[in-house]
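Note sheet for the following structure.
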Amino acid sequence: MTNAADLEFVSLTKRYGNTVAVDAISHHFKAGTYACLLGPSGCGKSSTLRMIAGHEEVSDGAIVLSGRDISHLPPARRGTAMMFQSYALFPHLNVRDNVAFSLRMAGQDKATRLARADEMLDLVEMTQYAERKPDQLSGGQQQRVALARALITRPQVLLLDEPLSALDPFLRVRMRTELKRLQRDLGISFIHVTHGQDEALALADEIIVMNDARIEQAGPAREVFNAPRSAFVARFMGGHNVLHLPQGRIALRSDVMSVTAPEAGRIDGRVTGIEYQGTHVALISVVAGDEEVTALLPEREFFQNPRELGEVIGLGWDDRAAHPISA
Amino acid sequence: MLRNRNLVGWLQAAPLATVLLGFLVAPIAMIVIVSFWGATEYSIYPAFQFDNYQFLFSSPVTYTVFFNTLKYAAITWAFTLVIGFTVAYFLAFEIRSLKWQIALFLLCTIPFWTSNIIRMISWIPFLGRNGIANSTLISWGVIDEPLEWLLFSDFSVILAFVHLYTLFMVVPIFNSMMRIDRSLIEAARDCGANGFQTLWNVIVPLCKPGIMIGTIFVTTLVMGDFITVRFMSGSQRANVGRLISNDISLLQYPSAAATAVVLLCTVLIVIAVLLRLVDIRKEL
């Protein structure tokens, strides 16, 4: 069922010599979604993105966009546009010429392309900086220019390679709000590569967790976070404990753990760390099998009944909160 | 304290300042002074007269020779630029591994292990009337008679210049190219630029400082040269360097100094014009 502007991987594979960077992944992105490819470095997410963009040869399989196989088309003819990690703005051109670059390459006349560039600059609120060179802009401003440059070709899919990693934490939060707003306004698909789960959770309609060249789990952000299917996903998404129990492995969100007296809990743990996090306190304890378990307690609750390092506590949870997981 | 800091600053600048004063400023000042002196057939005498300059600017030979010098510089520049840019491009963008880049780069420098006079002279048996080039062309049947213009001509002079100085173009351009962020090339492709468009709109503009530094090297070297012109033209062509060297061999130092001053000014004007075109400061 491929509709307009849907993107699909058909056992997409990337090999570098003998190493497999992307191992026969298949996935279907619905048009107009904000999707995040999430995973640790070296998991194949960047290679996947670069294959969609056309900057990396597809070794095997296919990439289908709006019903046509784009796997072997040149980048500019795929209907995709890429925003590079370091933005890759041309340092010798001013902002307006950077944005108009692809129209100039396509041979459009000056008046048209500058008018279109100004339109795009207006969209990202950079009109007043049109005459500046990239090195006279801040990181956030450079990112907006890079966005405008990518969007001027009216792509069906915008590819973003770790777009927020070059920004400071404060700006990162602001820019991600803007990315999301822009995606909603334009109604096109964004595919965003990141290794930060908080970024993925905040932005994505759909999260694709990758590990070791494969897709580990894909689904709506809430589903991936609340019902991780593997220990890897549970750990990588954070906020989860993975417990070995006689009946198998389970994933438990650390904020649903309850801390009790040793005899009242389901398992015992010895407190090894207490971390004050403002709204919450993270209580880290070691349980049988030398596994670390984190319980996230509301700050007030913790200070009504503070615990000490080395103290033995009981840990409990509601069975409805426990998710069985594979290895 | 502040006085002390000033003193330390002066002291730190002193060694370089002394070297520059002794080996750059003083000789130039000396040449300028001598250029106003007078000379007879057998002696020179201190004076302050404009005879040397007057003679220089009134002689048609001067203009021919200066024109010739600029012509050599321009033609050599054009060839070294094209060859140098191509070689640098190949090294920087076509060779992917750093190891091979370094190896091939060193290969380019191997000819510099011999003196440039030897490199120059080695062309003579190759280009001569009965040299390798002519006899090969005759044996292939391309020509019936030996080509006369291969040696002792503008052709051989420029060939030797290009051979000697292309590396001075390769190095700075290669340096500029290695600084180009590779994602810019991808970004250009992403924007739909083909190979030539990327070259012309991204790589060449970003190589401008390197091209400019190479240009300054080549122009100053060619304009100041006299030995290449003498050997490769069989003393049949002249440039300003040969004019000066002839004056010196006739012990006409004031006249040589005057020519040198004019040449120096010409070169400085050329460089000033070049620097107006491109800002090389960010490259240094």
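Please verify whether residue B:148 is of a type in the set (Asp, Glu), more than 14 Å from chain A (Cβ to nearest Cβ) and more than 17 Å from the chain's Cα centre (by Cα), treating the condition exactly as stated. For residue B:148, the condition - of a type in the set (Asp, Glu), more than 14 Å from chain A (Cβ to nearest Cβ) and more than 17 Å from the chain's Cα centre (by Cα) - is met.
Of all the numbered requirements in (1) surrounded by fewer than 20 Cβ atoms within 10 Å (Cβ to Cβ); (2) within 14 Å of chain B (Cβ to nearest Cβ), residue A:163 misses one, and that requirement is (1). For region A:61-82, the count of residues that are modelled with pLDDT under 90, away from chain B (no Cβ under 14 Å) and under 21 Å from the mean Cα position of the chain (by Cα) is zero. In region B:193-220, of all residues being at the interface with chain A (Cβ under 9 Å from one of its Cβ atoms) and either buried (at least 22 other Cβ atoms within 10 Å of the Cβ) or touching a strand residue (DSSP E or B) at 6+ places or on another chain (Cβ under 6 Å) (or both), the one that is nearest to residue A:86 (Cα to Cα) corresponds to B:202.
Among the residues of region A:7-59, those that are part of a loop (DSSP other than H, G, I, E, B) and among the hydrophobic types (A, V, I, L, M, F, W, C) comprise A:31, A:43, A:58. The sole residue among A:88, A:106 that is under 29 Å from residue A:45 (Cα atoms), modelled with pLDDT under 95 and within 11 Å of another protein chain (Cβ to nearest Cβ) is A:88.
A quick yes/no check of all residues on (1) acidic (Asp, Glu); (2) surrounded by fewer than 16 Cβ atoms within 10 Å (Cβ to Cβ); (3) in contact (Cβ under 8 Å) with a residue 40 or more places away in the chain; (4) not assigned by TED's automatic domain parsing to the domain that holds residue A:19:
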| site | (1), (2), (3), (4) |
| --- | --- |
| A:61 | no, no, yes, no |
| A:67 | no, yes, yes, no |
| A:83 | no, no, yes, no |
| A:96 | no, no, no, no |
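Scanning region A:123-152 for residues that are within 14 Å of another protein chain (Cβ to nearest Cβ), surrounded by fewer than 18 Cβ atoms within 10 Å (Cβ to Cβ) and part of a loop (DSSP other than H, G, I, E, B) yields a total of 1. Applying the criterion of being outside any helix (DSSP H, G or I) and at the interface with another protein chain (Cβ under 7 Å from one of its Cβ atoms) to the residues of region B:174-192, the residue that is surrounded by the most Cβ atoms within 10 Å (Cβ to Cβ) is B:191.
Given the conditions (1) closer than 30 Å to residue A:19 by Cβ; (2) surrounded by fewer than 13 Cβ atoms within 10 Å (Cβ to Cβ), which single one is not true for residue A:278? (1) is the only condition that residue A:278 fails.
So which residues in region A:199-241 are in contact (Cβ under 8 Å) with a residue 40 or more places away in the chain and of a type in the set (Asp, Glu), if there are any at all? A:199, A:205, A:206, A:212, A:216 - these are the residues of region A:199-241 that are in contact (Cβ under 8 Å) with a residue 40 or more places away in the chain and of a type in the set (Asp, Glu).
The values are calculated or read from the model by the stated rules, or taken from the named source; none is laboratory data. Note that this is a predicted model, so its numbers are computed, not measured. Methodologically, a virtual Cβ is constructed for each residue, glycine included, from the backbone with ideal geometry; neighbour enumeration extends over all protein chains shown.
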